[in-house]
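To keep things clear, I will list the structure first and then write my remarks on it.
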Amino acid sequence: MAVACTIGGCTDKPERVEKTWSEQSVENAYNQIKLEIDTIEASGKILNPVTLKKNGEVYYCGYADWRSGFFPGSVWYLYELTGDNTLLPLAQKYTEALDEAKNLTWHHDIGFIINCSYGNGLRLSGKTGYKDVMIEAAKSLCTRFREKPGTIQSWNVTGNSWQAQRGWECPVIIDNMMNLELLFEATELSGDSTFYKVAVSHADRTMKEQFRPDGSCYHVIDYSISDGSVRHRHTAQGYSHESAWSRGQAWAIYGYTMCYRYTADKKYLEQAIKTFNFMKDHPRMPEDLVPYWDMDAPNIPNEPRDASSASVIASALYELSTYDNQFDYRGYADKIMKSLSSENYTAKLGENGRFVLIHSVGSIPHNSEIDVPLNYADYYYLEALKRKMDLEKGGKSLSEKE
Ligand code: GLY
């Protein structure tokens, strides 16, 4: 209940003020995630929820899983969005449980892990120890930089791994764009430009090799480590090598918008807009703007949607709207978010394993996580809500430091 001002002056009689859809969305997310926090706290352990298993139980991951930073990050965003101080020590505890991740060098996802958890934690709590973790993690990520391709290698290719069976040597996935944020931040925190240079090299080579003339992107580019040439243009999680895997398009839109934030290099902004336009103008983009898992999947409209792609795109567009005004990016993001906030995609309280959003897809080719909740769909949904509210408070650009 809030005290409202009516026409003709303030009354002291409390009046019920209608919540906006975004306020209601924050409240729903808060209530749902609080239930998960209560479950975790009652267990006496530090658990990190990711998705629902086929048997309906919540799957909890360890620190090395690429998705381990999203739940702590979601708690940071909820703390920020609601001002509930009881969430602060919990966000800190869940974040600090990932400390060991700063030393990960066997995959590229340390950027997702550390930036979503410690990055938000540093922004919101200013703990100096978090800065050291960010810089250490950026150093670990840079060990995966390969000189000849000029990129960070995403996945290792070892023994009889599925990556080896695909015949790859140095696979780089479009998702890797998201890990560059850690590097840009590390340069800002340390003053060491090495991280920035690695990020720019990776972004430039990816822009050259990973995109098609229509603005859509491949999922995997496999490079030669010895001479840097492209060996394959493939997919791992999409329908086919030439198809448009929706989350890949989402990572590209978000990744190049973020690169523009740190570099002010217009070519990155143009790439983000081109890939967004590909999705926006796609003849198979559904009316509610929540993409199919792959825009070339064979049985559209009877294919699963992917709420995670939608939330990543919405969050990216709120940022993009502060850099370019040729299109109403903010209005488009609002439309996505209203769809996600509807009962079509938002779970009822206590259902859906206590995740906020329903209807995401992990990887159909791997027959894994099909039409389930995913913690990264929730994370980017909360981030989008936070960005929307910042814009409403005065149009603060993300390039302005908080
Ligand atoms: N980074 C893996 C994915 O987007 O599914």
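The values are calculated or read from the model by the stated rules, or taken from the named source; none is laboratory data. From a predicted model like this one, the values you see are computed outputs, not experimental measurements. Please note: Cβ atoms are built from the backbone with ideal geometry, for glycine as well, and neighbour counts cover all protein chains shown. Protein only, heavy atoms only, side chains kept; ligands, DNA and RNA dropped before computing areas. Shrake-Rupley method; radii C 1.70, N 1.55, O 1.52, S 1.80 Å.
Binning the alpha carbon pair distances of the chain at 10 angstrom intervals from zero yields the distribution 5, 23, 34, 26, 9, 2, 1, 0, expressed in whole percent.
The range 317-335 and the range 212-288 have Cα centres spaced 19 Å apart. In the full protein context, the chain carries 41 Å² of accessible surface per residue, based on a 1.4 Å probe and ignoring ligands, DNA and RNA.
Within the range 280-329, what whole-number % of the accessible surface is contributed by carbon and sulfur, with the 1.4 Å probe and all protein chains included in the calculation?
The nonpolar share, carbon plus sulfur, comes to 40 percent.
Using Cα springs under 10 Å in a Gaussian network model of the chain, which residue among 48, 277, 367 shows the largest mean-square fluctuation? Answer for the Gaussian network model of the chain: 367. Run down the lysines and flag those whose C-alpha is under 17 Å from the C-alpha of residue 34, throwing out any fewer than 8 positions away in its chain. Candidates past the 8-residue exclusion: 45, 93, 348. Ligands, DNA and RNA left out, the accessible area of the range 339-396 computed with a 1.4 Å probe is 46% carbon and sulfur. Taking all Cα-Cα distances within the range 206-357, those exceeding 24 Å account for 36%.
Legend: residue pairs 53/127; 335/393; 127/393; 280/386; 280/388; 19/53, Cα-Cα distance threshold 28 Å; pairs beyond threshold, 53/127; 19/53.
If you take all C-alpha pairs in the range 12-72, what percent of them are over 16 Å apart? The share of Cα pairs beyond 16 Å in the range 12-72 comes to 60 percent. Simple rule: put +1 on each Lys or Arg Cβ and -1 on each Asp or Glu Cβ in the range 198-292, find the dipole, and look at 263, 276, 219; the Cα lying farthest toward the positive end is 263. In the range 316-391, inverting the average of 1/r over every pair of distinct C-alpha atoms gives 13.6 Å as the Kirkwood radius. Just the number, please: Stokes-Einstein D of the range 127-168 in µm²/s, Kirkwood Rh from C-alpha pairs, 10 °C, 1.306 mPa s. Answer from the Stokes-Einstein relation: 129 µm²/s. Considering only protein heavy atoms and a probe of 1.4 Å, how much of the accessible area of the range 131-221 is carbon and sulfur, as a whole percent? C and S atoms contribute 48 percent here.
Ordering 163, 76, 101 by the projection of their Cα atoms onto the charge dipole of the range 41-174, which places +1 on the Cβ of Lys and Arg and -1 on the Cβ of Asp and Glu, puts 163 at the extreme positive end. Computed about its Cα centre, the charge dipole of the chain is approximately 420 debye, with only Lys, Arg, Asp and Glu carrying charge at their Cβ.
Sequence-ordered 3J(HN,Hα) estimates for the range 380-390 from the Karplus curve with 6.51, -1.76 and 1.60 and θ = phi - 60° stand at 6, 5, 5, 4, 4, 4, 5, 5, 4, 5, 4 Hz, glycine and proline given as x. Peptides 315-323, 240-248 ranked from most to least packed, by the mean per-residue count of other Cβ atoms within 10 Å: 315-323, 240-248. One way to sum up the overall shape of the range 264-307 is the equivalent ellipsoid from its Cα gyration tensor, whose semi-axes run 26, 9, 9 Å, largest first.
Peptides 60-66, 131-137, 375-381 ranked from most to least packed, by the mean per-residue count of other Cβ atoms within 10 Å: 375-381, 131-137, 60-66. Scanning residues 5 or more positions from residue 52 or on other chains, those with amide H under 5 Å from its amide H are 59, with H placed 1.01 Å from N in the peptide plane. Within straight-line reach of residue 208, meaning a Cα separation under 16 Å, sit the following lysines at least 8 residues removed in sequence or on another chain: 148, 266, 267, 274. Global size of the range 45-139: 13.1, 42 Å for Rg and Dmax (C-alpha atoms, Rg to one decimal, Dmax whole).
Residues whose amide H comes within less than 5 Å of that of residue 346, counting only those at least five positions distant or on another chain, are 358 (H built at 1.01 Å from N in the peptide plane). Summed over all non-identical Cα pairs, the Kirkwood treatment of the range 129-214 gives a radius of 13.8 Å.
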